[in-house]
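Structure first, then comments.
Readers should treat all values here as calculations from the given coordinates under stated rules, not as data from a laboratory. If you're wondering where the values come from, they're calculated on a predicted model, not measured in any experiment. No Cβ is skipped: glycine too gets one built from the backbone with ideal geometry, and neighbour counts run over all protein chains shown.
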Amino acid sequence: MKIKFWGVRGSIPCPGPNTVKYGGNTSCIELRFNDLKRQIIIDAGSGIRDLGNYMMANDLTKGPINTELFLTHTHWDHIMGFPFFTPVYIPGTKLTVYGPVSFENDTLKDIVGGQMTYRYFPIRQIELASTIDYVELKEGVVDTGNNDISITTKYLNHPILCLGYRFEYKEKVVCTVYDSEPYQNLFCTDPQDLSYDETMANEGEKAAKMANEMLTSFYKDADLVIMDAQYTEEEYLASKKGWGHNSMEHAIESSKNAGVKKLALFHHEPLYSDTKLDELSEKLCKTDASESMEIFFAREGMEIVL
């Protein structure tokens, strides 16, 4: 299994001289299973444009493209590259798009393909030459019709319905856990507050603890976890609670507790320059001899083979 990062930023693309090292494109990850001749793409952020160009030059020469796209959720930074994914314009291309939906009557096709209407884009979805199928997912085991790879989903804590993915193949496990924030007690915990209710406060604490433990078990013992780490703990506590994103320190601590072997810190804050990420890497990614987990900030173009 080979993992390649084509986009690692969160929120909005931020190309420029200060983001060359880590990259400025939004979320897109590729999994290649060469012995199965199978490719899985996770998210269609702006990074999928370069992936599509690579596929045109290297995959199309071997025959029609047949691939799968798994969306974590439908926020724009995770789907905005779809109209620029060149293979969808090529006759013979077959694409299956999987993802969650949480908007009443809007289907996955409406949301993702809805970017391609004349009010936003010069080409309509109906005009695409490829064959695209949309499959809406919930939490659980995913049936793709091909059981060589085990795929399981888990709901994450984000303002919109969002899924984490666990891919298992030949005893190797890769998990994506973004966009996600630690679960917290939503009830008042201050006994001096007039709205305080001891029973509700205790139940809220138990519910948050249980939800966090269930999430940790989802990526337990994974060979690679790609996790939301948009903020430092200081930034998160100061003003980012409820935004649906994780802190780097929490990502590291929870992954250590889960027995993760490699942790890729992901979904970088668009305001962070290469210099800033280098400083954070120097501070957070050191591993002493007593620890077995490798920690690093994901970079565009980075490849990992498991």
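Structure values in brief
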| item | result |
| --- | --- |
| Stokes-Einstein D in µm²/s, Kirkwood radius over Cα pairs - the chain at 25 °C with 0.890 mPa s viscosity | 121 |
| Spin-label pair Asp221/Asn146, simplified geometry with 7 Å Cα→Cβ offset, distance in nm | 2.7 |
| On Cα atoms only, tilt of 198-218 relative to the major axis of the chain in degrees | 40 |
| Cross-link pairs Lys256/Lys286; Lys37/Lys62; Lys4/Lys262; Lys261/Lys286; Lys4/Lys37; Lys209/Lys283 - those with Cα-Cα distance over 18 Å | Lys209/Lys283 |
| Where labels lie 7 Å past Cα in the beta-carbon direction, separation of Thr131 and Asp35 in nm | 2.9 |
| Cα gyration tensor, the stretch 229-300 - rounded (a/c under 1.5), prolate or oblate | oblate |
| Peptides 239-251, 155-167, 207-219, 190-202 ordered by average Cβ neighbours within 10 Å, highest first | 155-167, 239-251, 207-219, 190-202 |
